[in-house]
Amino acid sequence: QIQIEDDRTGIDVQTLKRAFSDNLFYALGKFPEIATKNDFYMALAYTVRDRLLRRWLNSQETYLKQDVKIVCYFSAEYLIGPQLGKNLINLAIVEQVRQAVEECGLNLDDLIEQEEEPGLGNGGLGRLAACYMDSMATLNIPAIGYGIRYEFGIFDQEICEGWQVEITDKWLRYGNPWEIPRTEATVEVGLGGYTESFYDENNRYRVRWLPDRTVKGVPYDTPILGYKTNTANTLRLWKAEAPESFNFQAFNVGDYYGAVNEKTYSENITKVLYPNDEPIQGKQLRLEQQFFFVSCSLQDMIRLHLATQENLDNFGELFAAQLNDTHPSIGVAELMRLLMDVHDYEWEQAWEITQKTFAYTNHTLLPEALEKWSLGLFGSLLPRHLEIIYEINRRFLHEIRTHYPNDVSKLSNFSLIDETGEKYVRMAHLACVGSHAINGVADLHTQLLKQDVLRGFYELFPEKFTNKTNGVTPRRWIVLSNPELTELITSKIGDNWITHLEELQQLEPFADDPNFRNAWRQMKQQVKTRLARRIEKRCGITVDPNYSLFDIHVKRIHEYKRQHLNVLHIITLYNRIKKNPNIDIVPRTFIFGGKAAPSYFMAKLIIKLINSVGEVVNNDPDVRGRLKVVFIPDYNVTNSQPVYPAADLSEQISTAGKEASGTGNMKFSLNGALTIGTLDGANVEIRQQVGEENFFLFGLKAEEVSQMKSQGYNPWEFYSSNEALREVIDQISSGLFSPEESNLFKPLVDSLLYHDEYMLLADYQSYIDCQDRVSEAFRDWDNWTRMSILNTARMGIFSSDRAIREYCQDIWNVQAVPVKLED
Ligand code: 26V
């Protein structure tokens, strides 16, 4: 039989070459001679996309025909990162494509670097959603990711004179080859207006919502292909558009600008991602975003459902909707409205369907981060939903009264409405009552949820609560980011670990093999050299990958994450050198990266402090290059990929009880970094896994933090009783690092000395002592390498595949559905 390779699907080198130049000509309209690097990237992206489409369409068809249960992941944020490299890996065509491109005189890595990533999220929560989409596809779990297609994602960060400067993220500037608009699936969403009651033809009391404006939601679909499987799920992101391009009434009376203005107004809803990690109370546009994408998505699900089902009775059997934090929790009220007002269901049955459909993941313990909306704002934007929430609350508080007959304080504690001052809707309470399952994202986090933030709900419905410790995808965070490590592991244990990460365990015996240790150390050196080159190019700072310990702290800048505690350590080492320039010290390269919310003054000042300290330390001849401080600008998925593999030491030093889980901690340790960390979030479980002798622990425990706080913590005591600490603080406040403006860091110093909300001073000595142990350990390269190997070998359970299997079993009750490749 003759095999004919189709130009759109064939994967041998010759076919790929032909397809690539075809796309350059027909899709980009260019000859190779005049094509830009971006043209070549686009042509290659289309070539790869062609090879996804059969799997994607077959997956969708399979789901539709087989009435399978589908996971709908509701998330206001996705940080999927660049798609080209990932898709090549999942299609298993990296080498053919590399060769095809090379035969055209191009370099694959250069083209991969051309891609501008969609930065449609802030940090951990958005990246988790992306890892989960990858794992669901890889495990053949039918899934749709619903979210918002922000025109401007998270801002790009530049550093000017040590300060963060925000630049608009125009990620769609050169087009996005990975998405396909599905205008035929457009839906309409109402906003504002009022409600009225009436009796329908069966004389039933009904309510209808008469919105005063409507917006169209247009879905843009991106295929999410699993690793070496035929499953390609959909990431469906909604763009807001005006119902008509012109308000003809305004247009006809000559109000051209008014007409165009309305279009702008509607389209504003999906213009920009809110860059705050903090809740944005009182921002009407933010509530509009949340409602908009949730309503679009629920309408979409209902339409899909009714394509094969008679009615919505079994909606909750065919969909599992996961709320990624409270951002989409308005969905509880919106599904109730759709079921009752549009599809004629009675309250009781609608409520049963709703609870069965939704489950809620909490991602933070910080009290200031719990979302609430003032009644005024909520009622004017979503009058019908406010009525529904009142009714949910009325019924819920009735249950509370029966459950706690003699305790009126319970009513105000549980109420969906906060009435302690100005009145608010509490979104976490809505999510809890409207869901059949509630989960935290690490063991400690879930415990603290049960004891603290959601204590009442836990007492009331203990059976709803479960823990689902976060995980990360090994495809992006090992295979794609660290080819050197991938090759080394595979040379010993084969490549099954890529989808069964527990198999990394098989590396353990090699930790005692001198040859393997050597190979491991060489590999690390190579990867560190790769990062050193980038740093040289990007920041103009020379760092030493051979003898210097790479100590890396990358994540959003936040006081609770304590980047400034790290800085206190740097200055402490600097002082030791200044006092004794010939001191025998382990050389270190301190690498930072992360964005500060534009309105978060203290976080921006921390960035400035890092750069100012770097300026002094990097240029002091006494230091002789033994300490280097680097701030990598514009930390995002793309820029993070070369960072995790190059770390010797991973900084996970949040105040215990504040970091829900962390996922960067997992990426580092999987790549063989040792962790210095507090007992916070998933650090606790990482330490259990890798063994306490392979983890650098310091600091107060969560319990001790709250204890010390309740006993009246006084940071000044630590300052005055610790000479080294006092010196460091005094240097910062005296302007040693800001000679041009000696008071520059005063707000930071004052905050530490007089409040120290995050207890840096209490943890300072413990941190310094622990860092000294790190340095001593690093002197013994061979043993360090052994610990590094054991970290990787024991981190398998932090795969997002494991996490997704747990969600499937314990929360979603969904099964894998194999997809066939043939048409
Ligand atoms: C909210 C706020 C508001 C006040 C200022 C500080 C702050 C910091 C974080 C947040 C929560 C945003 C939600 C979020 O991104 N949570 C992250 O979710 C990750 C995935 O579960 C988890 O690994 C991180 O620990 C958690 O911070």
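Remarks
- Across the range 1-137, C-alpha contacts under 8 Å between residues 6 or more apart give a mean separation that, scaled by the residue count, equals a relative contact order of 29 percent.
- Spin-label zone in the range 657-692 - amide nitrogen under 12 Å from a point set 7 Å from the Cα of ARG455 along the C-beta vector: none
- Across the alpha-carbon atoms of the range 386-511, the computed radius of gyration and Dmax are 22.9, 67 angstrom.
- Restricting the GluC sites (Glu not before Pro) of the range 666-712 to loop positions (DSSP other than H, G, I, E, B) with no more than 14 neighbouring Cβ atoms within 10 Å leaves nothing.
- About the centre of its Cα atoms, the range 479-798 shows a dipole size close to 900 debye [charges on the beta carbon of Lys, Arg (+1) and Asp, Glu (-1) only; nearest 20 debye].
- Column: log10 I(q)/I(0), Debye, Cα scatterers of the range 472-521, q = 0.21, 0.27 Å⁻¹: -0.73, -1.10
- Working note: Debye formula, equal point scatterers on the alpha-carbon atoms of the range 675-823, no solvent; log10 I(q)/I(0) at q = 0.17 Å⁻¹ is -1.06.
- The packing ranking of peptides 568-574, 658-664, highest mean first, is 658-664, 568-574, where packing means the average number of other beta carbon atoms within 10 angstrom of each residue.
- Burial order of peptide ranges 551-559, 166-174, 807-815 (average beta-carbon count within 10 Å, highest first): 551-559, 807-815, 166-174
- For the range 465-605, the fraction of alpha-carbon pairs in successive 10 Å shells from zero, as %: 9, 25, 32, 25, 8, 0
- Unit charges on C-beta of K, R, D, E only; dipole of the chain, Debye: 620 debye
- Cα-Cα over 31 Å, subset of LYS578/LYS658; LYS667/LYS820; LYS528/LYS555; LYS239/LYS450: LYS578/LYS658; LYS667/LYS820; LYS239/LYS450
- Equivalent-ellipsoid semi-axes for the range 479-798 (Cα gyration tensor, √(5λ), whole Å, largest first): 32, 22, 18.
- Between the residues SER788, THR499, VAL774, the greatest Cα displacement towards the positive end of the dipole of the range 479-798, with unit charges on the Cβ of Lys, Arg, Asp and Glu, is found for THR499.
- Taking a straight Cα-Cα cut-off under 27 Å and skipping sequence neighbours fewer than 8 places away in the same chain, the lysines within cross-link reach of LYS37 are LYS17, LYS86, LYS170, LYS537.
- FRET efficiency, GLN525 to ASN743 (Cβ-Cβ, R0 56 Å, nearest 0.05): 0.80
- Sites listed here are GluC sites (Glu not before Pro) in the range 181-224 whose DSSP assignment is loop and whose Cβ has at most 12 other Cβ atoms within 10 Å: GLU201.
- The GluC sites (Glu not before Pro) of the range 1-94 that meet both conditions, a loop assignment by DSSP and at most 15 other Cβ atoms within 10 Å of the site Cβ, are GLU5.
- Candidate cross-link partners of LYS283 among the aspartates and glutamates, defined by an alpha-carbon separation under 15 Å and a same-chain spacing of 8 or more, comprise GLU371.
- Modelled label reach - GLN815, point 7 Å along Cα→Cβ, the range 110-142 residues with backbone N closer than 14 Å: 141-142
- Its Kirkwood hydrodynamic radius, worked out from the mean inverse distance over all distinct Cα pairs, puts the chain at 28.4 Å.
- On the basis of the beta-carbon distance and an R0 of 51 Å, VAL260 and ASP22 show a calculated FRET efficiency of 0.80.
- Relative contact order %, the range 479-798, counting alpha carbon pairs below 8 Å whose residues are six or more apart: 22 percent
- Once C-alpha pairs closer than 8 Å and six or more residues apart are averaged by separation and normalised to the residue number of the chain, the relative contact order reads 13 percent.
- C-alpha center-to-center spacing [the range 19-91, the range 724-746] in angstrom: 52 Å
- Given their separation in residues at 0.36 nm each and the Cα-Cα distance between them, GLN66 and TYR754 gain 241.4 nm when the chain is fully extended.
- R0 of 60 Å, Cβ-Cβ distance THR183-GLN505: FRET efficiency to nearest 0.05: 0.75
- Cross-link partners for LYS746 among the lysines, with Cα-Cα distance under 23 Å and sequence neighbours closer than 8 places in the same chain left out: LYS561, LYS595, LYS604, LYS608.
- For the range 614-666, size of Cβ-based charge dipole, Lys and Arg +1, Asp and Glu -1, in debye: 100 debye
- Close amide H partners of VAL472, meaning residues 5 or more places away or on another chain with modelled amide H under 5 Å apart, are SER799, SER800.
Read-outs throughout are calculated quantities, based only on the coordinates presented, and are distinct from any laboratory measurement. Model, not experiment: these values are computed from the prediction. Positions of Cβ are backbone-derived with ideal geometry, glycine not excepted, and every protein chain shown enters the neighbour counts.
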